[in-house]
Structure formats: structure tokens, C-alpha cells
Amino acid sequence: MDMSDVQKTITVPAPVKQAFAIFVQRPGEWLPPEHAFIRGESAVVIEPRLGGRFYERGAEGSVAVRGTVLVWEPPHRLTVTWRVGPGWRPVPDDERASRIVIEFVPAGAAATEVTFAYRELHRHGAMAEQIHAALLVPGPGESLRRYADVVARHTAG
């Protein structure tokens, strides 16, 4: 199967700096609940630095690391690893994780084009074909749609 990169794009109603800030400060609002590794009440955090973790923390203290921040270039670019494996469960390290490059490009005075580029999907091993097929669905995907809704909610008024 072709493991080419998959790219998804959406335009949000906020300038680049604000769009980036909402993305990294509010991932618990835009991450679809069914994509969470920890069920029930949890916080989702992107540590704002190179080498930071992208993780979930359950109310009882459990932690599930979704990835590592590989590129931190606010407000234009962020790259994280995506640690998902068999059964859509987390894998313990970045050796079996693909990369997600998130870019924020001005699309007018008060809008930003946000692009997710899913790269190195072959790193998911046995899950690679299933992940690739899931990403190929038409449209921006649920995470980006939810993110656009969060931006609209926080910039309304």
C-alpha cells in the first residue's frame, strides 16, 4: 500500500498568533473524545517547548503520552510525534510513532489556514495501513473540524 503523506487543511477565523495559541493551549477542547487514550475525565496538554510532551492526564493521575514536540516555532509551526499503535492505543515511545506537522499560515487579516501533514505513517507498523486509510477520508477530519469550532467559539464577539 502507498504510505504517502496525508495532508488536511482548514481555515479558522483568527489571526495566526491567536490560532496557534488556541491550538496549543486548548487541545482538550478540540481532541475528539473518542480519540482519547484515557476514558472519562482527563486533561490534554501540549507542553510549550521543544521536547515537550503532548499527553493526557486522567483525574486519578494516570498519564498517556500521545507524542513529543519535535519542532516548536510559534506561531507558525509545530511538529509532534503521534504514538498510536494496535487497537488505537498508545505506544510507549517515539520509535513507532509517525509525525504530524501543523502549520499556521495567514489567510487574510483575521483568518489562518491550518494544515496537518501526517508524515512517516509507515512507522506505525501493522497499524500503518489502517491509519493511512482512516486519514484518507474526504474533508479536514474530525480533529480539525472541532479545532475550527473551538477557534470560532473563542473569537466570537
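No value in this document is a laboratory result; all are computed from the given coordinates. All values derive from a computational prediction rather than experimental measurement. Here the Cβ is made from the backbone with ideal geometry for all residues, glycine too, and neighbour counts use every protein chain on show.
With a simple spin-label model that places each label point 7 Å from the Cα along the Cα-to-Cβ direction, the separation between residue 60 and residue 3 comes to 3.6 nm. Pairing the Cα long axis of helix 142-155 with the longest principal axis of the chain, what angle in degrees results, from 0 to 90 and rounded to the nearest 10? Relative to the chain, helix 142-155 is tipped by roughly 30 degrees. Multiplying the residue separation of residue 135 and residue 117 by 0.36 nm and subtracting their alpha-carbon distance yields 5.4 nm. Taking label positions 7 Å along the Cα-Cβ direction at both residue 43 and residue 89, the computed distance is 2.6 nm, reported to one decimal.
Loop by DSSP (not H, G, I, E, B), at most 16 other beta-carbon atoms within 10 Å: where is the longest site-free stretch of the chain for GluC sites (Glu not before Pro)? Answer - 61-119.
Under the combined filter of DSSP loop state and at most 16 neighbouring Cβ atoms within 10 Å, the range 1-60 retains these trypsin sites (Lys or Arg not before Pro): 39, 49.
In the chain, the ratio of gyration radius to Kirkwood radius, Rg to Rh, stands at 0.95 when only Cα atoms are counted.
Can you give me the Cα centroid spacing of the range 54-102 and the range 123-146 in angstrom? With the range 54-102 and the range 123-146 each reduced to a Cα centre, they are spaced 15 Å.
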